[in-house]
Amino acid sequence: MDNCIFCKIINGEIPSNKVYEDEKVLAFYDIHPVTPIHVLVIPKKHIESIVKLESEEDYEYVKSIHKAINEIAKKLNIDEEGFRVVANCGENGGQEVKHLHYHILAGKKLGTKVAE
Ligand code: 5GP
Ligand code: ZN
């Protein structure tokens with residue numbers, strides 16, 4: 001989609017530091033990491049957010065995203081020590097980029113409060 005930063009990363013117009021890629025999913029390091037390891041996992045289709053998932057095809061992307069997170073965790077060696085996955089949705093969720101994405105936050109012990 002025009003003017004979507006993450007679509008531009010998918011098509012190579014904006015560079016990214018890739019961690020994982022398959023037919024449906026791209027994962028790359030967040031440009032402003034909030035944890036020692038901060039990866040974004042996105043579908044290679046412009047879906048705005050969780051509430052805009054609307055077809056079986058869209059849910060296939062979600063399935064692939066979970067598979068990607070599983071593989072990334074092993075690849076980055078955080079599968080045993082653990083990590084957090086966050087998907088911000090809409091205004092109150094603090095979503096800034098309107099292209100579905102899942103943050104993988106890792107590399108330190110995170111607080112027990114999910115939301116502040
Ligand atoms: P949100 O607040 O929408 O859940 O998260 C968007 C994330 O995208 C932020 O953590 C932000 O740092 C990251 N981000 C925004 N623009 C870029 C970019 O051009 N490249 C990368 N790698 N990350 C970006
Ligand atoms: Zn997009």
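What follows is calculated from the coordinates using simple rules that are stated; it is not laboratory data. In this text, all values refer to a predicted model and were calculated from it rather than measured experimentally. Note that each Cβ is placed from the backbone with ideal geometry, even for glycine, and that neighbours are counted across all protein chains shown.
Based on what the data block shows, is Gly82 within 11 Å of ligand 1 (Cβ to nearest atom) and on the phi > 0 side of the Ramachandran plot? Against the criterion (within 11 Å of ligand 1 (Cβ to nearest atom) and on the phi > 0 side of the Ramachandran plot), Gly82 does not qualify.
If you filter the stretch 94-116 down to residues that are out of contact with any strand residue (DSSP E or B) (no Cβ under 9 Å at 6 or more places or on another chain) and touching a residue at least 12 places away in the same chain (Cβ under 8 Å), you find that the one that is nearest to ligand 2 (Cβ to nearest atom) is Lys98. Do we find a residue being touching a residue at least 24 places away in the same chain (Cβ under 8 Å), touching a His at 6+ places or on another chain (Cβ under 8 Å), under 27 Å from Lys113 (Cβ atoms) and not hydroxyl-bearing (Ser, Thr, Tyr) anywhere in the stretch 24-32? For the stretch 24-32, residues touching a residue at least 24 places away in the same chain (Cβ under 8 Å), touching a His at 6+ places or on another chain (Cβ under 8 Å), under 27 Å from Lys113 (Cβ atoms) and not hydroxyl-bearing (Ser, Thr, Tyr): present. Only one of (1) out of contact with any helix residue (DSSP H, G or I) (no Cβ under 6 Å at 6 or more places or on another chain); (2) within 14 Å of ligand 1 (Cβ to nearest atom); (3) on the phi < 0 side of the Ramachandran plot is not met by His99, so which one is it? Condition (1) is where His99 drops out.
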